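All of the numbers you see were taken from the coordinates with simple rules; none came from a lab. Just so we're clear, the structure is a prediction, and the values are computed from it rather than from any experiment. Neighbour counts are summed over all protein chains in view; Cβ atoms, including those assigned to glycine, are modelled from backbone coordinates with ideal geometry.
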Amino acid sequence: MATYQALTAVCQATIYLLQSSYEANMVSEFTSELEFAVYTPDNFLSPMDAGVSLFLYRVIPNNSHRTPPGRIAPNGQRYHPQLPLDLHFLLTAWGRSASLQQSIVGWMMRVLEDTPIMPVGLLNRVMPGVFNPSETVELTLGELSTDDLFHLWEILPQQRYQLSIPYTARNVRIESTELPGVGEPVQERIINYQQVENG
C-alpha cells in the first residue's frame with residue numbers, strides 16, 4: 001500500500017542497490033569508476049562514460065492478481081481499491097570498451113539476482129515513508145523481444161544501441177487517498193402499492 005511516489009522509490013532503490021554493492025565490493029574490479037543514475041530520454045544525448053543507467057519505459061496494470069482492497073480508515077470506511085502496477089525498465093551498461101560493458105552487465109545481473117525481493121528497508125531508504133512496513137517488491141528479468149528492444153533504442157535520442165537488460169518490478173501497489181462517496185442516512189421509507197388489473 002504505497003503512496004503515488006512508489007514508482008520513483010522503486011527506480012531509485014534499484015539504483016541504490018547497485019551503487020551500494022559496487023562501493024562495498026567492486027571498487028577495484030573495474031577499469032573505470034562507475035556512475036549510477038535514473039535516466040530520462042534526454043539523458044541519452046549525453047550519457048555517462050561508465051556505469052549503469054535505469055530508464056523506466058512502461059507502466060502497466062498487474063492483472064495476475066485480483067485487485068486488492070483499499071485500507072480501512074479509523075472510522076471503519078474502506079478507501080478505494082489499490083492500484084497494482086508492473087514497472088518495466090531498461091538497465092543499460094555504459095563503458096568505453098566492450099569488455100567493460102560486458103563485465104558491468106554480468107556483475108549487475110548477479111547483484112539483482114541476489115536480491116529478487118526488495119525489502120521495505122531498501123525501498124524506503126531513498127524515499128522514507130513511501131511503502132508501509134509489510135510491503136516488498138519483486139524484481140525479475142523482463143520479457144522484451146530483440147525487435148522491441150532495438151525499436152526502443154531507435155526512438156531514444158541517441159539512436160545507437162547500448163547493451164541493455166530489461167527488468168520488471170512486479171505488483172507495486174498504489175494506495176488511494178480517497179474514500180468512496182457516502183449518501184445521506186435514510187430519513188423515511190415510502191412504500192407505494194399499486195393495484196394490478198387483470199386484462
**Overall dimensions of region 6-174 by Cα: Rg and Dmax, Å** = 17.4, 61
**Message:** For a protection proxy built on the mean count of beta-carbon atoms within 10 angstrom, sort 167-176, 107-116 highest first, please.
**Reply:** 167-176, 107-116
**Residue-wise HN-Hα coupling along region 38-48, computed from phi with Karplus coefficients 6.51, -1.76, 1.60 (Hz; x: Gly, Pro)** = 8, 10, 9, x, 5, 5, 6, 5, 9, x, 5
